[in-house]
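Data block below; observations after.
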Amino acid sequence: MVTVVCEYEANNIVLLGLVCSIVELEVDAIVNPANSYMIMGGGLAGVLKSKGGKVVEDEARRYAPVPIGKAVATTAGSLPAKYIIHSPTMTKPAGYTSPEYVYKATRAALKCASEKGVTSIAIPGMGTGVGGLNPCTAVREMLKAIIEYLKNPGSIKKIIVVDIKEEVPRCFCEEIKKLL
């Protein structure tokens with residue numbers, strides 16, 4: 001089940017806050033808040049590997065280590081998306097993350113997506129799972145990167161901030177309302 005928390009449009013780009021499973025969305029790209037080693041063991045990475053297949057991790061590992069502030073695109077395996085964009089929010093698996101890392105990871109994911117010609121992208125609460133950041137803190141950093149993207153957009157026409165729990169999309173909707 002998909003619950004739309006909010007929908008806005010800015011600079012011809014649709015911004016959505018959704019409560020649902022990211023693996024069920026039919027989008028060009030899903031963002032994985034990865035670790036630099038591209039090990040997909042726990043959290044959302046583990047779910048993406050489980051649902052998309054081991055091929056996702058195998059391909060991602062070829063790029064490792066990926067520094068925070070960079071992102072790589074791989075196949076999405078058996079998921080309905082075309083790509084998974086792996087953008088590290090931490091160096092080591094289950095390691096430390098910070099608001100700054102979330103900002104850098106979100107910015108890198110959007111850049112990578114545009115370079116691939118992606119038109120729709122689903123972004124989870126970056127750093128809110130294994131990374132342990134407060135959802136509203138993480139969303140504010142994600143929004144900094146999204147607002148920057150809106151000022152000089154590439155190919156993306158739909159940005160979806162999604163989580164299986166309501167808090168991340170709710171924070172996104174509350175914060176975006178203040179900015180638009």
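The numbers here are math on the coordinates, done by the rules we state, and not lab data. Source: prediction; values computed, not measured. Neighbour counts run over all protein chains shown; Cβ positions are idealised from the backbone, glycine included.
Overview of values
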read-out: Projected label distance in nm at Cys136 and Ser21, using a 7 Å step from Cα toward the beta-carbon; value: 3.0 nm
read-out: Simple label model, 7 Å out from Cα along Cβ direction - Lys92 to Lys157, nm; value: 4.5 nm
read-out: Check: the chain dipole with +1 on Lys, Arg Cβ and -1 on Asp, Glu Cβ, in debye; value: 400 debye
read-out: Hz values of 3J(HN,Hα) by residue in the range 92-98 - Karplus curve (6.51, -1.76, 1.60), Gly and Pro given as x; value: 9, x, 6, x, 6, 10, 8
read-out: DSSP H segments from the chain that extend 30 Å or more along their own axis, Cα-based, with Kyte-Doolittle mean of 1.0 or above; value: none
read-out: For Val14, residues with placed amide H under 5 Å, excluding near neighbours; value: Lys158, Ile159
read-out: Rounded to whole Hz, the Karplus (6.51, -1.76, 1.60) HN-Hα couplings of the range 125-133, x for glycine and proline; value: x, 5, x, 8, x, 4, x, x, 6
read-out: Packing rank of 80-88, 170-178, 30-38, where each peptide gets the mean count of other beta carbons within 10 Å, highest leading; value: 30-38, 80-88, 170-178
read-out: Rounded to 5, the percent of DSSP beta bridges in the chain classed as antiparallel; value: 40 percent
read-out: Whole-Hz couplings from phi, Karplus 6.51/-1.76/1.60, listed for the range 20-27; x for Gly and Pro; value: 4, 7, 4, 6, 9, 6, 9, 10
